[in-house]
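Enquirer: Below you'll find the structure I mean.
The values are calculated or read from the model by the stated rules, or taken from the named source; none is laboratory data. From a predicted model like this one, the values you see are computed outputs, not experimental measurements. FYI the Cβ positions are ideal-geometry reconstructions off the backbone, even for glycines, and counts take in every protein chain you see. Each accessible area value is taken on the protein alone, full model and side chains, heavy atoms only, with ligands, DNA and RNA left out. Shrake-Rupley method; radii C 1.70, N 1.55, O 1.52, S 1.80 Å.
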Amino acid sequence: MAPPQATTYADFLSSEFFKIVLTDADPDVPLSETPGTSTSGSSSETTKPSSTGGASTSAPDSSSVFYIHKALLANISSELRKHVHNEMKEGKEGVMTLGDVDKETMARFVEWAYTGDYPVEETSRRRLPAGVPGLGAGAKGGTAAGSGGASKTHDKTSAATSLLPHAKLYVLADRFNIPDLKLLSYTRLTDILSSSCEDPQNPTPPPKRLIPRDLLAATKFAFENLPPDPHTTTSSRFRIDSVRTPAAAAASGNEENLLEFLAGYATWALDSLRADPEFCDFVEESAEFARALICGAKPADTPPWTGGGGKQSSGVHSILNRRCTYNTCGGYIACAYVRCSSCSRNDYEVGTEVVMGGKKTWIGSERVRGTRTSYSYTCKWCGHTANHSAHSYLYCRKCNNPNLTYVD
């Protein structure tokens, strides 16, 4: 029978330690062989670390071994309580071996368990209670939280806009049914994405430079590691009649459905993302993600055989393909970029060549209509549509020269 749950923070800190071993560590290292172990002469006796304080006097046995007060871990969720209190080996020995979790994620989890928050940047790590082996602050100042498991080297992506750490914690929280951590990681990740537009008051799909660089990595990790929704009646998490926008999901009380949010963001920022070969590869590899994009995609405004004003559309490539007349360009030929006649923003993505399913296509067919001598352009930011003739509002991608000519 499981002991009664601790009710105060002091109760948590007075309990014994529980050991979490990641799969790249040695699961057979006994709990007594922890930081704080001391030997005297030929004595083989070991001393468990104090649960209420004391300095760690030796290096951790492995950077992939973490310690957390047993009562605290059991109090986090009913799922974790089953791992802590059971009649099997892990419950009796106080050791749990955990796979598919990296050291940085576990270090953040341990810090969250004690403080209610977690850092992304190494320099912002908080100190944990004294006596937490390899993690807490000892009598001489100790170490920053996560020093026993967090790597000093992080992805070059700015930590402030890095999505992957939050996605990993979300997956861990989902795995062990931890609603508070799930909501916190979801909120921090979605806050980063919601601020990736240039004008929050009038949000428009972001240019590629404003999209977090690890968006694809976070999306792939979430789709590959989160289980199917138990409320979904089909084998897929996404159905045409059930997928909602991130706003609709939040309004319905399902505010932490990360997969719906990431799929919705990818659909919204599709113009910027589909020029990325890695994104196109992921769409081809993941039927689940591809289905999510289809469910959230907006239907075309007009059929493919018509253009603006009933004119026959020549395709964005044929409409915008130009030769630069500037001498230093040497007659450079490519799809010109378009400048909006209303807000003066430059659309560098329209006309960009991409390859999907082995077929070549160009971005922006829904924004450019007509022929190369008379075309209309709908701005992706302000939504203004204007009709233009010949080369007006077109610029060379290489030198920004407006003096262009047709390609025969």
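Per-residue answers, yes or no, for (1) under 16 Å from residue 318 (Cα atoms); (2) open to solvent by 40 Å² or more (accessible area, probe 1.4 Å); (3) free of Cβ contacts under 8 Å to residues at least 40 places away in the same chain:
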| position | (1), (2), (3) |
| --- | --- |
| 344 | no, yes, yes |
| 347 | no, no, yes |
| 375 | yes, no, no |
| 379 | no, no, yes |
| 384 | no, yes, no |
| 391 | yes, yes, no |
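Enquirer: Something else about it: Please go through the stretch 60-98 and give me each residue that is open to solvent by less than 50 Å² (accessible area, probe 1.4 Å) and assigned to a helix (DSSP H, G or I), ordered by number.
Expert: 70, 71, 72, 73, 74, 76, 80, 81, 83, 84, 90, 91
Okay, residues lined up against (1) farther than 17 Å from residue 288 by Cβ; (2) part of a helix (DSSP H, G or I); (3) modelled with pLDDT of 85 or more:
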{"position": "172", "(1), (2), (3)": "yes, yes, yes"}
{"position": "180", "(1), (2), (3)": "yes, yes, yes"}
{"position": "188", "(1), (2), (3)": "yes, yes, yes"}
{"position": "201", "(1), (2), (3)": "yes, no, no"}
{"position": "206", "(1), (2), (3)": "yes, no, no"}
{"position": "218", "(1), (2), (3)": "no, yes, yes"}
{"position": "231", "(1), (2), (3)": "no, no, no"}
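Enquirer: Take the residues in the stretch 1-23 that are open to solvent by less than 90 Å² (accessible area, probe 1.4 Å) and assigned to a loop (DSSP other than H, G, I, E, B), then tell me which one is modelled with the highest pLDDT.
Expert: Result: 15.
Enquirer: What are the residue pairs meeting all of these: first residue in the stretch 279-305, first residue on the phi > 0 side of the Ramachandran plot and in a helix (DSSP H, G or I), second residue at pLDDT 70 or above and of a type in the set (S, T, N, Q), Cβ atoms under 8 Å, and 6 or more apart or on different chains?
Expert: That search, which allows pairs on different chains as well, returns nothing.
Enquirer: Which is open to solvent by 40 Å² or more (accessible area, probe 1.4 Å) and modelled with pLDDT of 80 or more, of 326, 265?
Expert: Result of the check over 326, 265: 326.
Enquirer: Being at pLDDT below 85, surrounded by 15 or more Cβ atoms within 10 Å (Cβ to Cβ) and hydroxyl-bearing (Ser, Thr, Tyr) is the requirement here; does residue 56 meet it?
Expert: Taking the combined requirement at face value, the residue satisfies it.
Enquirer: Oh, and also: For the stretch 99-128, how many residues are part of a loop (DSSP other than H, G, I, E, B) and modelled with pLDDT under 90?
Expert: The number of residues fulfilling the criteria is 8.
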